[in-house]
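> Shown below is the structure under consideration.
The values are calculated or read from the model by the stated rules, or taken from the named source; none is laboratory data. This one's a predicted model, so the numbers in the text were calculated from it and none came from an experiment. Neighbour counts are summed over all protein chains in view; Cβ atoms, including those assigned to glycine, are modelled from backbone coordinates with ideal geometry. Accessible surface is based on the protein model in full, side chains and every heavy atom, while ligands, DNA and RNA are left aside. Shrake-Rupley method; radii C 1.70, N 1.55, O 1.52, S 1.80 Å.
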Amino acid sequence: MMASTTSATAAAAAFGAAATAKPRGSSSTICPRVSTGGRRPSGVVRCDASVEAQVQAVAKAASIAALEQFKISADRYMKERSSIAVIGLSVHTAPVEMREKLAVAEELWPRAIQELTSLNHIEEAAVLSTCNRMEIYVVALSWNRGIREVIDWMSKKSGIPASELREHLFMLRDSDATRHLFEVSAGLDSLVLGEGQILAQVKQVVRSGQNSGGLGKNIDRMFKDAITAGKRVRCETNISSGAVSVSSAAVELALMKLPKTEALSASMLLIGAGKMGKLVVKHLIAKGCKKVVVVNRSVERVDAIREEMKDIEIVYRPLSEMYEAASEADVVFTSTASETPLFTKEHAEALPPISDTMGGVRLFVDISVPRNVSACVSEVGSARVYNVDDLKEVVEANKEDRLRKAMEAQTIITEELKRFEAWRDSLETVPTIKKLRSYADRIRASELEKCLQKIGDDNLTKKMRRAVEELSTGIVNKLLHGPLQHLRCDGSDSRTLDETLENMHALNRMFSLDTEKAIIEQKIKAKVEKTQN
């Protein structure tokens, strides 16, 4: 389920407040108010604007200084590649009041990503915000500093002190963070094991990122692989099959007891349009039913369900027509707060028989406590009664089955995790390839220039000069072909990948390429330039 409208509004307000908040220091001690009948003189406004600009300039300078300091100490981090991290909270770790404050509406995800990637130590970011979880996935230049910056950002946006946030947050790194996302996508971290809506929400993160300029190479690939994992788990284990709630079990049981060829054409009657009744309608839609008659004391609740659920025809009947509606139904679902039974043996005997095509038996599926259908109804030959206890057995059996399937799902997730990590490891060779190529090209250009000077321009035609240049380029390409082939790997074979990484480290040592430090410095340089702009 996506974040509620209330959560979205709160998030929008938080973003708006952050965008318009005045910096500390723009108080009346700097720009004193002058009594002008409640109006503020224009000079004071200009002064405030000047102070705000100064504060922003100071903050910008401090940010650049921090990055420059990080660049100076790059040696400390050159042995540690950028970390993938997830920082968040969910229904398992935090109350709904806290999740509401942190929720970010879908239309604000791009802005949140922009703000997160503008933090000093965050390269890439993605936000997964639903009513059950709020998780931020990042690629951080520095683990400790990056985590601290993200928590501070969350605190600022929600108004919750960082110290209070930390009590409910979970933080996972690299393979643990990736595995968590894959499990989330597969529905293994959901309240209802294997539920399908979370996969759609993970897909939406990717779509949102594509529409706003991309999530970044690592995060984008990780989310796409998570979608693959989620699809494989549902397809190969069928984990989402089987009812795990009373209302879904009621619908599943009723359809199981009807003849398979006629199940979806059976006349369905629902008595009671409360929360449980609404869920029955929802699960009837999911199973493909096209029509249901709803008996309720008032029409307002039925109208509300009809407005929300457009994929089924809902016919309202008042409570006074309940027995007439039951006489036309093949299946009767009851879900009311009545203290006394609505159907007794006498009521069931008075109902007309069911056609043989529907099995000749009217089904009463009672999900009410106290029961709406008396136990003695089961004594009527043309009626079958199922109550909450019968349904609980179905639910528990399905839960056990889903737990078994969840264990099978872990095998699939491990396979996809290895594939992602192998792909990420294979990226390490790209800077070495570029550095080695650049190193060879510099030597070629330098030696070519010396050669041409010795020959002299007067002795070379354009054709000869081009031939010499092509000769030098050809020699370099042929010499590099072997080493570069041993640096190229798609990550699909772990043994080949290990050999490739060994080759990479050997070439780095032999040619003093120092790619790790260069990568760090390049990333920091890009951050400094972004901050300056």
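> Which one is surrounded by the fewest Cβ atoms within 10 Å (Cβ to Cβ) among residues in segment 152-165 that are assigned to a loop (DSSP other than H, G, I, E, B) and not hydrophobic (A, V, I, L, M, F, W, C)?
Per the stated criteria, the residue is 161.
> OK, next. Got at least one residue in segment 322-339 being over 23 Å from residue 354 (Cα atoms) and open to solvent by less than 10 Å² (accessible area, probe 1.4 Å)?
So far as segment 322-339 goes, no, none of its residues is over 23 Å from residue 354 (Cα atoms) and open to solvent by less than 10 Å² (accessible area, probe 1.4 Å).
> Filtering segment 175-188 down to residues that are in contact with a strand residue (DSSP E or B) (Cβ under 9 Å, 6 or more places away or on another chain) and open to solvent by less than 50 Å² (accessible area, probe 1.4 Å), which residue is farthest from residue 139 (Cα to Cα)?
To start, the set of residues in segment 175-188 that are in contact with a strand residue (DSSP E or B) (Cβ under 9 Å, 6 or more places away or on another chain) comprises 175-181, 184.
From what is left, the residues that are open to solvent by less than 50 Å² (accessible area, probe 1.4 Å) are 175, 177-178, 180-181, 184.
On the way: 175: 12, 177: 11, 178: 11, 180: 15, 181: 14, 184: 19 Å.
Once the filter is applied, the top-ranked residue is 184.
> Which condition does residue 266 not pass, out of (1) open to solvent by 70 Å² or more (accessible area, probe 1.4 Å); (2) under 19 Å from residue 386 (Cβ atoms), if it passes all the others?
(1)
> So, one more: Do any residues in segment 282-294 that are on the phi > 0 side of the Ramachandran plot have Cβ atoms under 7 Å from those of residues that are open to solvent by less than 100 Å² (accessible area, probe 1.4 Å) and in a helix (DSSP H, G or I), where the two are at least six apart or on different chains, and which pairs are they?
288/264
> Also, quick follow-up: Of everything in segment 230-258, what is charged (D, E, K, R) and under 30 Å from residue 415 (Cα atoms)? Give them in sequence order.
231, 232, 234, 236
> State which residue is surrounded by the fewest Cβ atoms within 10 Å (Cβ to Cβ) when the search covers only segment 125-151 and only residues that are in a helix (DSSP H, G or I) and out of contact with any helix residue (DSSP H, G or I) (no Cβ under 6 Å at 6 or more places or on another chain).
Within segment 125-151, the match that is surrounded by the fewest Cβ atoms within 10 Å (Cβ to Cβ) is 144.
> On to the next question. Give all pairs with beta carbons closer than 6 Å in which a residue from segment 206-227 that is touching a residue at least 24 places away in the same chain (Cβ under 8 Å) meets a residue that is aromatic (Phe, Trp, Tyr); count only pairs at least 6 apart in sequence or on separate chains.
Between residues of segment 206-227 that are touching a residue at least 24 places away in the same chain (Cβ under 8 Å) and residues that are aromatic (Phe, Trp, Tyr), the close pairs are 208/109; 219/137; 225/420; 226/182.
Rundown of residues vs (1) under 43 Å from the mean Cα position of the chain (by Cα); (2) more than 30 Å from residue 218 (Cβ to Cβ); (3) of a type in the set (A, V, I, L, M), yes/no style:
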residue	(1), (2), (3)
349	no, yes, no
382	no, yes, no
394	yes, yes, yes
408	yes, no, no
415	yes, no, no
435	yes, no, no
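> Go through the residues of segment 414-427 one by one and say whether even a single one is surrounded by 14 or more Cβ atoms within 10 Å (Cβ to Cβ), in contact (Cβ under 8 Å) with a residue 12 or more places away in the chain and part of a strand (DSSP E or B).
Taking every residue of segment 414-427 in turn, none turns out to be surrounded by 14 or more Cβ atoms within 10 Å (Cβ to Cβ), in contact (Cβ under 8 Å) with a residue 12 or more places away in the chain and part of a strand (DSSP E or B).
> Here is a further query. Can you name the number of the only condition in (1) assigned to a helix (DSSP H, G or I); (2) at pLDDT below 95; (3) β-branched (Val, Ile, Thr) that residue 302 fails?
(2)
Yes/no matrix, rows are residues, columns are (1) without any contact (Cβ under 8 Å) to a residue 12 or more places away in the chain; (2) in contact with a strand residue (DSSP E or B) (Cβ under 8 Å, 6 or more places away or on another chain); (3) more than 29 Å from residue 502 (Cα to Cα):
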position: 440; (1), (2), (3): no, no, no
position: 446; (1), (2), (3): yes, no, yes
position: 450; (1), (2), (3): yes, no, yes
position: 456; (1), (2), (3): yes, no, yes
position: 460; (1), (2), (3): yes, no, yes
position: 466; (1), (2), (3): yes, no, yes
position: 471; (1), (2), (3): yes, no, yes
position: 474; (1), (2), (3): yes, no, no
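> Read through the list (1) closer than 30 Å to residue 240 by Cα; (2) over 17 Å from the mean Cα position of the chain (by Cα), then give the number of the only condition that residue 159 fails.
(1)
> Let me ask something additional. Of everything in segment 396-406 that's of a type outside the set (A, V, I, L, M, F, W, C) and farther than 30 Å from residue 221 by Cα, which residue is least open to solvent (accessible area, probe 1.4 Å)?
So the residue we want is 398.
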